[in-house]
Amino acid sequence: MKTKITWCLAIISIMILSACSDSETLKGDTEVQPAVQASTVNYQQKVNQDVKRFREFFASKFPNIELEEFVNGAYAIDAATREQWLEIEEFPPYEIPVEEGQEFFEAPFANGKTYADCFENGGIGIRQNFPYFDEKTNQVITLELAINQCREANGEQPLDYGQGELASISAYMANESRDNVFDIKVNSEAAYKAYMAGKQFFYSKRGQLNFACADCHLKISGSLLRADILSPAIGHPTGMPVYRSNWGELGTIGHRYRECNKNVRAEPLDYQSESYRNLEFYQTVMSNGLVVNGPSSRK
Amino acid sequence: MKKVFYAILFSLFFSSPCFANAQQSIEQAEKNLEKVAKLEFEWSTTAPLIQKAKKALADGNEKIAEALAKEAIAQTEYGFIQAEYASKNWQEGEPK
Amino acid sequence: MKGTRILLSSLLVTVIAAFSSITLAQESGLSAELAQGKAIAFDRRKGNCLACHYIQGGALMGTTGPGLVAMKQRFPDRQRLITQVTDARLNNKNTIMPPFGAHGI
């Protein structure tokens with residue numbers, strides 16, 4: 001009993017002492033590094049340097065692979081699985097979802113309008129412009145978010161973000177944009193902040209297994225995890241949405257992010273959470289110069 | 001480093017005999033979980049541990065409940081450490 | 001916590017013994033521990049070492065980490081090997097190996 005009291009007292013006194021010496025305690029938020037101060041900074045230039053370094057990393061890791069091949073994920077770098085994949089692509093499993101997506105896309109809302117009324121060029125051939133940073137609302141707008149915003153603006157209920165109708169619409173829109181080149185801009189301080197937040201997410205270790213996106217998909221990309229080849233991060237967003245045979249259906253990039261987080265035993269974030277949108281923004285910027293090849297099929 | 005020190009102190013404090021109480025540990029775990037979730041460094045393993053602890057407590061297994069809740073608390077504290085570490089060192093993973 | 005300790009130590013015994021020149025059959029005293037360690041190393045929900053490492057006798061092994069061969073030569077200091085499994089960050093701060101002990105994996 002005596003030792004118990006002494007133990008308690010000792011700890012309490014240490015706590016009080018250290019609290020007195022410094023008032024800093026566990027904070028509820030991470031500190032975002034102030035990236036830049038002056039308004040004259042050329043953000044696009046800074047970002048382009050990142051893109052260059054990113055590309056150079058993969059170019060030296062996979063010296064025999066052409067840049068444009070990276071849109072094909074692990075199949076870009078592995079001849080054996082590539083053969084099987086090419087066979088699957090002859091009768092692609094996303095064909096039916098794309099057709100359904102077109103029907104959904106063209107079906108008028110209750111008010112008589114359609115998705116085409118919400119998007120530039122009637123929504124055709126525009127996939128490469130997403131995600132973009134919207135200076136008015138000060139946030140990253142992904143294609144999936146824009147689809148649901150369109151619905152809500154027309155008095156319709158938003159769709160589920162992971163799989164199903166929305167993924168099919170996204171697949172149709174990607175399919176109509178194939179071979180268009182991504183060129184996502186980062187032109188303002190606010191856009192750069194979102195970009196940097198996405199970048200920080202990409203390089204931060206999380207979950208019980210303590211993995212960052214970059215650990216598997218940059219540092220050790222190309223090596224085997226059990227029987228699976230870790231895909232290089234460059235080109236990740238170009239083929240979205242993706243039909244994964246282990247899902248047995250089409251899913252959005254958000255669905256894949258959540259799955260990845262679960263794999264490292266980190267609690268997944270909400271679909272279209274600010275962090276996931278920023279991550280998609282960063283990843284797509286890193287894939288600038290590559291073409292839209294979504295929807296795609298993967299193991 | 002200071003924050004890590006506090007985290008350790010914190011866990012010491014709550015693992016000390018003054019707080020040998022399953023209910024309190026569960027509450028602490030839930031509080032920590034909310035914090036670590038806000039930081040986006042929650043582990044997917046923690047909430048299930050808390051659920052198990054609650055069930056054990058409801059079944060009258062105070063000791064097991066306590067142990068499970070403590071483990072949950074420890075996981076949230078590792079999450080705090082990860083958040084702190086990442087905020088300072090994330091750039092180390094960047095291609096040079 | 002104590003359970004984890006025991007699991008880890010038998011895991012280590014496997015890792016060390018499996019690659020020393022002595023065959024499993026000769027190590028009769030250790031064989032039970034060895035079998036336990038091997039089970040953990042090969043179990044997807046536990047050690048799952050094969051996800052990243054080559055281990056003699058394994059199947060569907062990853063190539064992410066170095067093959068677990070010649071461990072006695074690579075880790076003459078046993079404590080360093082223990083640390084590598086419990087918290088590899090202490091051996092190399094930029095490691096990507098999960099901290100199995102520290103994170104209670």
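Taking a Cβ cut-off of under 14 Å around A:Phe182, the surrounding Lys, Arg, Asp and Glu residues balance to a net charge of 0, with basic ones at +1 and acidic ones at -1. Legend: mean number of C-beta atoms from other chains within 10 angstrom of residue C-beta atoms, peptide C:57-64, equals 4. With the biggest extent put first, the Cα atoms of the range A:40-299 measure 53, 51, 35 Å across the principal axes. The label-point distance for A:Glu274 and B:Lys52, in a model that sets each label 7 Å from Cα toward Cβ, rounds to 3.4 nm. The label-point distance for B:Gln23 and C:Ala102, in a model that sets each label 7 Å from Cα toward Cβ, rounds to 3.6 nm. In this structure, the residue pairs whose Cα-Cα separation is over 24 Å, taken from A:Lys46/B:Lys88; B:Lys35/B:Lys88; A:Lys199/B:Lys35; A:Lys52/A:Lys185; A:Lys199/B:Lys88; A:Lys205/B:Lys55, are A:Lys205/B:Lys55. Buried surface between chains A and B: roughly 3300 Å² of accessible area, summed over both sides, computed with a 1.4 Å probe on protein heavy atoms only. Rounded to the nearest 20 debye, the dipole size of chain A about its Cα centre is 1640 debye, using +1 on the Cβ of Lys and Arg and -1 on the Cβ of Asp and Glu.
For A:Ala266, the amide hydrogen comes within under 5 Å of the amide hydrogens of A:Gln208, B:Ser44, counting only partners 5 or more places away or on other chains and with H modelled in the peptide plane.
I want the local charge near A:Leu230. Using Cβ-Cβ distances under 11 Å, sum +1 for each Lys or Arg and -1 for each Asp or Glu among the other residues.
Counting the neighbours of A:Leu230, the net charge comes to -1.
Across peptide A:196-207, the mean count of Cβ atoms from other chains lying within 10 Å of each residue's own Cβ comes to 5. Sorting the segments A:68-78, B:28-38 by their residues' average number of neighbouring beta-carbon atoms within 10 angstrom, most packed first, yields A:68-78, B:28-38. Taking amide H atoms as placed 1.01 Å from N in the peptide plane, the amide H of A:Arg244 lies under 5 Å from those of A:Glu249, A:Gly251, A:Arg298, each 5 or more residues away in sequence or on another chain.
With a 10 Å cut-off around each Cβ of B:34-44, the average count of Cβ atoms from other chains is 6.
Taking label points 7 Å from Cα along the Cα-to-Cβ direction, A:Ala80 and B:Lys38 give a separation of 4.9 nm. For chain A, the membrane-span-like helices by this rule, meaning whole DSSP H stretches whose C-alpha atoms cover at least 24 Å of axis and whose Kyte-Doolittle mean is -1.0 or above, are A:2-21; this says nothing about an actual membrane. One chain, two ends: A:Glu90 and A:Glu120. Fully extended at 0.36 nm per residue, the span grows by 7.7 nm beyond their Cα-Cα distance. You can think of it this way: the chain between A:Asp183 and A:Asn42 has 49.1 nm of extra reach, that is 0.36 nm per residue less the Cα-Cα gap.
Taking every C-alpha pair closer than 8 Å and separated by at least 6 residues, the mean separation divided by the residue count of chain A gives a relative contact order of 24 percent. Bridgeable lysines around C:Lys38 (alpha carbons under 20 Å apart, same-chain partners fewer than 8 residues away excluded): C:Lys2, C:Lys46, C:Lys72.
When chain A is treated as a Gaussian network with alpha carbon springs shorter than 10 Å, the biggest mean-square fluctuation among A:Thr137, A:Thr252, A:Thr238 belongs to A:Thr137.
The values are calculated or read from the model by the stated rules, or taken from the named source; none is laboratory data. Nothing here was measured: the structure is a model prediction, and the numbers come from that model. Don't worry about glycine lacking a Cβ; one is built from the backbone with ideal geometry, like all the others, and counts go over all protein chains shown. Heavy atoms of the whole protein, side chains included, go into the accessibility calculation; ligands, DNA and RNA do not. Shrake-Rupley method; radii C 1.70, N 1.55, O 1.52, S 1.80 Å.
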